[in-house]
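Colleague: One structure follows; several queries about it will come next.
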Amino acid sequence: MAAPERIDLGGGLVLRRWRPADAEAMSLAIDESLEHLRPFMPRATPAGVEERRSILASWEQEWDAGGALIYGLFLGPVAAGSFGLHRRIGPDGLEIGYWVHVAHTRRGYASAASAALTTAAFTLPGIEVVEIHLDRANLASEGVPRKLGFTLIGESPKRPPAAPAESGIWRIWRMPRDRWRPSGASSSPPQP
């Protein structure tokens, strides 16, 4: 089974595959959120629309080649964040990575999107585990795996801190296929 290219989260909120045509929406979302993203995302930097278009084209190729699956989180035409299923934890697992536009935080979007991607991951052949890796200082993002019932399995050094708020220690949260209960993953729909 192939990963879905679009997932409706309700209330007009949609996860959908990023396309090069989304470069302007992505640029605007990142530019408006730079100060919010920089503490934990060293690669959050200003870039032109053409550079973003090139990044999106590479993500499109990676998706088509069976690599990472990167989704834009959209509320109508507005990019409200970005979520990915990354193939970097081994052949039987996927790692969820995410960020949310500063104007759309604290509304349940990250939890709803991560729940939907966990469900999608477990429809893919051979995927037995989904993980979320977060810097241990990123307490706001840690609420997502906690809310979804992921288990904290440990901490490990990731690298010297590269962003101002990073501790340099990953907290690794895991959900095995046999424990995932998508219907109970979120007690309420995201709030626009």
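Colleague: State log₁₀ I(q)/I(0) for region 85-192 at q = 0.11, 0.16 Å⁻¹ as given by the Debye formula over alpha-carbon point scatterers of equal weight, solvent excluded.
Modeller: -0.34, -0.72
Colleague: Order H86, H36 by their accessible area, 1.4 angstrom probe, all chains in place, largest first.
Modeller: The ordering from most to least exposed comes out as H36, H86.
Colleague: Further, regarding this structure: For region 142-186, report the translational diffusion coefficient in µm²/s to the nearest whole number, using Stokes-Einstein at 37 °C, 0.692 mPa s, and a Kirkwood Rh over Cα pairs.
Modeller: Values: Rh = 12.1 Å.
For these conditions, the coefficient is 272 µm²/s.
Colleague: If the chain between E35 and R177 were fully stretched, how many nm would it gain, using 0.36 nm times the residue separation less the Cα-Cα distance? Numbers along the way, then the final one.
Modeller: Numbers: separation 142, 0.36 × 142 = 51.12 nm, distance 3.59 nm.
Computed gain between E35 and R177 is 47.5 nm.
Colleague: I'd like the accessible area for S54: 1.4 Å probe, protein heavy atoms, all chains in place, Å² to the nearest 10.
Modeller: Taking all protein chains as shown, S54 has close to 70 Å².
Colleague: Taking every Cα atom in region 9-98, find the radius of gyration and the maximum pairwise distance Dmax, and write them in Å.
Modeller: Over region 9-98's Cα set, Rg and Dmax evaluate to 13.2, 36 Å.
Colleague: Separate question: Hey, of [x] 9, 37, 40, 14, 0; [y] 8, 33, 38, 18, 2, 0; [z] 9, 26, 23, 17, 12, 8, 4, 1, 0, which did the structure itself give for P(r) over Cα pairs in 10 Å bins from 0, in percent when calculated?
Modeller: Read-out taken from this structure: [x].
Colleague: Could I ask something else about it? If you project the alpha carbons of region 33-77 onto their three principal axes, what span does each projection cover, largest first, in Å?
Modeller: 33, 25, 21
Colleague: Moving on to the next point. For the chain, what relative contact order do you get, as a whole percent, if you take Cα pairs closer than 8 Å and at least 6 residues apart? Working shown, then result.
Modeller: On the way: 363 pairs, mean separation 41.0, N = 192.
Relative contact order for the chain comes out at 21 percent.
Colleague: Related question: Considering only A21, A116, A29, give the residue with the highest GNM mean-square fluctuation for the chain, with springs between Cα atoms whenever their separation is below 10 Å.
Modeller: Of A21, A116, A29, the Gaussian network model singles out A21 as fluctuating most.
Colleague: Just grab the label-to-label distance for R19 and R87, each label 7 Å out from Cα along the Cβ direction, in nm (one decimal).
Modeller: 2.3 nm
Colleague: Using DSSP loop states and a limit of at most 10 other Cβ atoms within 10 Å to flag trypsin sites (Lys or Arg not before Pro), what is the longest stretch of the chain containing no flagged site? Walk me through the numbers on the way to the answer.
Modeller: Working: sites that count: R43, R106.
Formally, the longest exposed-site-free interval is 107-192.
Colleague: Follow-up. Tell me, what is the per residue accessible area of region 73-192 in Å², probe radius 1.4 Å?
Modeller: Numbers: 5420 Å² over 120 residues.
With the other protein chains kept in place, region 73-192 gives 45 Å² per residue.
Colleague: Measure off, as a whole percent, the carbon and sulfur share of the 1.4 Å-probe accessible area of the chain, all protein chains present. Don't skip to the answer; put the middle values down first.
Modeller: Values: 5010 of 9150 Å².
The computed percentage sits at 55.
The values are calculated or read from the model by the stated rules, or taken from the named source; none is laboratory data. Source: prediction; values computed, not measured. A quick note on method: Cβ atoms are made from the backbone with ideal geometry, for glycine too, and the neighbour counts reach across all protein chains shown. Side chains are part of the model used for accessible areas, which takes the heavy atoms of the whole protein and leaves out ligands, DNA and RNA. Shrake-Rupley method; radii C 1.70, N 1.55, O 1.52, S 1.80 Å.
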